1. Of the listed values (i) 75, 20, 17; (ii) 50, 23, 19; (iii) 60, 23, 17, identify the label whose number matches Cα extents along the principal axes in Å calculated from this model.
2. Tell me which residues come under 5 Å, amide H to amide H, from SER9 once H is placed; ignore anything under 5 positions away on its chain.
3. Considering only protein heavy atoms and a 1.4 Å probe, what is the carbon-and-sulfur percentage of the accessible area of the chain?
4. Extension gain LEU64-ALA78, at 0.36 nm per residue separation less the Cα-Cα distance, in nm?
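The values are calculated or read from the model by the stated rules, or taken from the named source; none is laboratory data. What you are looking at is a predicted structure, and each value in this text was computed from that prediction instead of being measured. When the accessible area is computed, the model is the full protein with side chains, heavy atoms only, and any ligands, DNA or RNA have been set aside. Shrake-Rupley method; radii C 1.70, N 1.55, O 1.52, S 1.80 Å.
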Amino acid sequence: MKPYKNLSSKNLPLLLLITRLTTVLAILTIMLSIAGFFSQFFMQLGFGISQWVAIAVAILPSALTVLFCSGIVAAIIAFEESYRKKSEAYIASLN
């Protein structure tokens, strides 16, 4: 699983790598949060339920925010790469 596999950048490869890593981490934490929600139905009453539900409730909004922000950064990277290619084509047409 490689998020944004069709996206490439000549000028911003480190930012693209960070975006991909944060996307994977956000997806993993969302899956952990969903597992926390569903595990409350299979566990007996006690400390385990309140702990999993608290973790799930605390993690889900922040993971969704990180996923949304990494999507915005990926869009900025795609825009920059498109602009770079158009600029190179324009400069080549001048010569």
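1. Only one listed value fits the structure, namely (i).
2. Residues meeting the criterion, in which the H sits 1.01 Å from N, do not exist here.
3. On the way: 5070 of 6820 Å².
Whole-percent figure for carbon plus sulfur exposure: 74.
4. On the way: separation 14, 0.36 × 14 = 5.04 nm, distance 2.10 nm.
So the chain would gain 2.9 nm between LEU64 and ALA78.
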